[in-house]
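See below for the structure under consideration.
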Amino acid sequence: MEVNSSKEIVCLIIHSLVGDLNDSERAKLDSWLKDDENRAFYYAISQTGYVRNKINRLEKTDKSRAWQKLEMNMKIRLRNRKIKMLSAMVAAVLLIFGVGMGIWLSTRNAVSIVSSEPESGVGYGTRPVIRLASGEEICLLKDSVYNLRDGSLEDKGGYIRYQETADNKVEASELKYHEICVPKGSEYKMVLPDGTKVCLNAESVLRFPVSFSDNERRVTCDGEVFFDVAKDSLRPFCVESAGNLVKVLGTRFDIRHYEGEPYRAILLSGSIHLSGQGQTVLLNPGEQASLLDNRWVVEKADLEAIGWIDGYFLFKNCSLEHIMKELARWYNIEVFYADSRKQNEYYSFEIERSCSLKQVMEILRKTRTLDVEINGRTVIIR
């Protein structure tokens with residue numbers, strides 16, 4: 001099946017990103033993707049989930065304003081020879097949503113076209129490592145298969161799936177644990193044996209049993225981990241972190257606890273029971289709980305705080321100190337302040353995590369008078 005116009009392929013790509021292609025549309029898109037350059041283009045705009053997230057937001061906000069913001073923030077990585085193709089496709093997207101060419105013409109210079117690999121966070125640090133129950137450590141590489149003593153690890157659809165061996169069932173008292181350690185400058189996605197998907201942010205650790213017991217599925221974590229829990233009415237899923245316990249049956253939530261920061265849990269769907277400090281709270285979708293001064297504070301969730309799952313940073317009125325801690329973790333850098341007062345300046349901006357550190361610093365420079373020196377992995381702010 002042949003695609004007849006750039007407008008048609010844009011429609012197909014959009015429907016693919018939001019997951020509602022019919023069989024005929026899927027056949028057309030598959031045919032178009034047989035070309036190497038087409039496939040590279042599709043991968044470039046879909047790999048982080050950023051564009052998909054922006055498209056989904058259009059249903060909940062003003063379309064004109066949302067598309068303008070999308071055009072200002074998209075950083076599509078394409079080869080130079082794709083410039084004309086990109087222009088035609090973005091124009092078609094705008095026409096589909098009734099925005100017209102005005103926004104595109106006024107913001108086209110904001111779209112970043114690069115011909116080399118971006119200076120992104122991934123790869124800045126060492127690779128994630130799995131520490132096996134046996135004590136052995138394995139550096140985890142993409143597109144690799146690892147046959148372990150108690151199971152295997154295999155890259156499937158962007159997630160590393162851990163599959164236990166069939167005869168590996170044990171009693172809870174006999175559980176042995178593997179541990180995934182994700183350093184600064186990296187992230188990791190995996191699927192546990194029960195089908196639960198987990199995303200580990202930079203500088204995070206997940207400890208999980210070689211095989212889950214028959215009465216519960218229990219893991220522990222540090223740093224920041226997003227869980228998409230597979231439903232199992234007979235075995236609740238439990239997450240221990242910083243002495244607190246989350247208990248669920250099937251839901252989607254984010255847990256964050258870095259050294260020097262308060263514990264925080266954000267719930268996207270389902271419900272969770274959160275226990276700690278002698279207290280128990282129940283979270284509903286769209287709520288978050290933070291442990292402040294040894295008591296739980298439940299409030300409306302700051303969903304933008306977990307934009308990292310979709311591949312972008314979103315800072316809303318955040319201190320420079322907080323922003324630079326996040327950037328230091330992702331870009332694996334050390335930050336020094338020649339003028340400590342700068343730490344208390346506040347900024348708001350949004351940018352993809354795949355952008356280079358220099359691009360992020362340029363945004364900060366333009367927002368306020370900020371003198372930044374980048375020397376390898378050291379950043380000095382004056």
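The values are calculated or read from the model by the stated rules, or taken from the named source; none is laboratory data. If you're wondering where the values come from, they're calculated on a predicted model, not measured in any experiment. As a convention, Cβ positions derive from the backbone with ideal geometry for all residues, glycine included, and neighbour counts pool all protein chains shown.
Does at least one position in the stretch 272-279 carry a residue that is surrounded by 16 or more Cβ atoms within 10 Å (Cβ to Cβ), modelled with pLDDT of 95 or more and in a strand (DSSP E or B)?
no
Could you grab me the full set of residues in the stretch 191-216 that are surrounded by fewer than 22 Cβ atoms within 10 Å (Cβ to Cβ) and within 20 Å of Thr251 (Cα to Cα)?
Those that are surrounded by fewer than 22 Cβ atoms within 10 Å (Cβ to Cβ) and within 20 Å of Thr251 (Cα to Cα): Val191, Pro193, Asp194, Gly195, Thr196, Lys197, Cys199, Arg207, Ser213, Asp214, Asn215, Glu216.
Would you mind stating whether Asn332 is outside the structural domain of Leu245 (by TED's automatic domain parsing), surrounded by 13 or more Cβ atoms within 10 Å (Cβ to Cβ) and at positive phi?
Working: outside the structural domain of Leu245 (by TED's automatic domain parsing): yes; surrounded by 13 or more Cβ atoms within 10 Å (Cβ to Cβ): yes; at positive phi: yes.
Yes, satisfied.
Working only within the stretch 347-382, note down all residues that are in contact (Cβ under 8 Å) with a residue 24 or more places away in the chain, under 14 Å from Ser319 (Cα atoms) and loosely packed, with under 14 Cβ neighbours inside 10 Å.
Ser348
Just for the stretch 307-330: of the residues that are assigned to a helix (DSSP H, G or I) and among the hydrophobic types (A, V, I, L, M, F, W, C), which one is farthest from Asp228 (Cα to Cα)? Spell out how you get there, then give the answer.
Pass one, the stretch 307-330, residues assigned to a helix (DSSP H, G or I): 307-310, 320-330.
Imposing the further condition that a residue be among the hydrophobic types (A, V, I, L, M, F, W, C) reduces the set to 308-309, 320, 323-324, 327-328, 330.
Details: Trp308: 15, Ile309: 12, Leu320: 31, Ile323: 27, Met324: 28, Leu327: 25, Ala328: 27, Trp330: 22 Å.
Restricting to residues being assigned to a helix (DSSP H, G or I) and among the hydrophobic types (A, V, I, L, M, F, W, C), the top hit is Leu320.
Looking at the stretch 131-151 only, could you name the residues that are under 17 Å from Glu179 (Cβ atoms) and not aliphatic (A, V, I, L, M)?
Start the filter on the stretch 131-151 by keeping residues that are under 17 Å from Glu179 (Cβ atoms), which leaves 131-140, 146, 148-151.
Arg131, Ser134, Gly135, Glu136, Glu137, Cys139, Tyr146, Arg149, Asp150, Gly151, listed by residue number.
Which number in (1) in contact (Cβ under 8 Å) with a residue 12 or more places away in the chain; (2) surrounded by fewer than 13 Cβ atoms within 10 Å (Cβ to Cβ); (3) part of a loop (DSSP other than H, G, I, E, B) marks the one condition that Glu299 misses?
Failing condition for Glu299: (3).
Name the pairs whose Cβ atoms lie under 6 Å apart, with the first residue in the stretch 144-165 and part of a loop (DSSP other than H, G, I, E, B), the second modelled with pLDDT of 75 or more, and 6 or more positions between them or separate chains?
Cβ pairs passing all conditions: Asp150/Val210; Thr165/Gly151.
Could you list all residues from the stretch 281-290 that are assigned to a strand (DSSP E or B) and within 15 Å of Asp254 (Cβ to Cβ)?
To start, the set of residues in the stretch 281-290 that are assigned to a strand (DSSP E or B) comprises 281-283, 287-290.
Residues satisfying the conditions are Leu283, Glu287, Gln288, Ala289, Ser290.
Looking at the stretch 198-241, which of its residues are within 17 Å of Gly307 (Cα to Cα) and either charged (D, E, K, R) or assigned to a loop (DSSP other than H, G, I, E, B) (or both)? Before you say what the answer is, go through the steps one by one.
First, the residues of the stretch 198-241 that are within 17 Å of Gly307 (Cα to Cα): 198-204, 223-228.
Residues satisfying the conditions are Asn201, Ala202, Glu203, Glu224, Asp228.
Within the stretch 308-322, can you find the residues that are touching a residue at least 40 places away in the same chain (Cβ under 8 Å) and surrounded by 18 or more Cβ atoms within 10 Å (Cβ to Cβ)?
So the first thing to find is which residues in the stretch 308-322 are touching a residue at least 40 places away in the same chain (Cβ under 8 Å), and the list is 308-313, 320.
Across the stretch 308-322, the qualifying residues are Trp308, Ile309, Gly311, Tyr312, Phe313, Leu320.
Evaluate the stretch 330-340: report whether one residue or more is of a type in the set (Asp, Glu) and under 23 Å from Glu304 (Cα atoms).
Residues of the stretch 330-340 of a type in the set (Asp, Glu): 334, 339.
Pick out the ones that are also under 23 Å from Glu304 (Cα atoms) and you get none.
No, that holds for no residue.
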